[in-house]
Amino acid sequence: MPAHQRGTQIVRRSRPTKNSSCLIELKKMENLFFFIGLSFTLAHEMDAVKCQEWTIFPFLSKLNEKTGYFVFTAIHIPLYLLLFWGLYDKNGLNSSVITGLDIFFIIHIFLHGLFLKHPKNQFKSVFSWILFLGAGIAGAIDLIAKY
């Protein structure tokens, strides 16, 4: 027996069948709308820096522009860490966290509606609205698809 075959087991791999390929594709798409919503939300957070969103938050609004920018941006580091870390558990994607974020994406639309007339609200552009509306709609579709 050649050296490269000694002590090894030859494993024959079959080609994926059409059905198994479809299952893999469905699994990939299972949380598609969640990830669309998350993408819209992350883009919204970039827009939030441009629109100085900290100026409409009760505690952060008291800070000067430079400090407000720093604190608002720095707060997102642990928020993103918790977000990305929480997305996965020992079994893969954490469905409870995904469901919670889908709900947040929807609530987030209403939060912006509440602050619509705030004098320092700069989320006036169509693009800004597309970002958080897109997240909320994607979150709603993801929830509907699951339940």
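Which residues, taken from segment 117-127, are free of Cβ contacts under 8 Å to residues at least 40 places away in the same chain and farther than 20 Å from residue 42 by Cα?
In the first step, residues of segment 117-127 are kept if they are free of Cβ contacts under 8 Å to residues at least 40 places away in the same chain; the result is 117, 119, 124-126.
Hits for segment 117-127 are 117, 119.
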Note to self: Quick check on this structure: which one of 93, 63 is over 12 Å from the mean Cα position of the chain (by Cα) and touching a residue at least 40 places away in the same chain (Cβ under 8 Å)?
What the structure shows: 93
Margin query: Within segment 26-46, does at least one residue satisfy the condition of being more than 19 Å from residue 111 (Cα to Cα), β-branched (Val, Ile, Thr) and at pLDDT below 95?
Written below: no
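Residues are listed down the side, and each one gets a yes or a no for (1) surrounded by 11 or more Cβ atoms within 10 Å (Cβ to Cβ); (2) in a helix (DSSP H, G or I); (3) over 14 Å from the mean Cα position of the chain (by Cα):
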site	(1), (2), (3)
70	yes, yes, yes
75	yes, yes, yes
81	no, yes, no
98	yes, yes, no
124	no, no, yes
132	yes, yes, no
136	yes, yes, no
144	no, yes, yes
Next item on the list: Out of 111, 116, report the one residue that is aliphatic (A, V, I, L, M), at negative phi and not in a helix (DSSP H, G or I).
Entry: 116
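Looking at segment 131-143, is at least one residue within 17 Å of residue 38 (Cα to Cα) and among the β-branched types (Val, Ile, Thr)?
Kept after step one, since they are within 17 Å of residue 38 (Cα to Cα), are these residues of segment 131-143: 131-143.
So of that shortlist, the ones also among the β-branched types (Val, Ile, Thr) come out as 137, 141.
Checking segment 131-143: at least one residue is within 17 Å of residue 38 (Cα to Cα) and among the β-branched types (Val, Ile, Thr).
The values are calculated or read from the model by the stated rules, or taken from the named source; none is laboratory data. Note that this is a predicted model, so its numbers are computed, not measured. Counting neighbours? That spans all protein chains shown, and the Cβs are built from the backbone with ideal geometry, glycine included.
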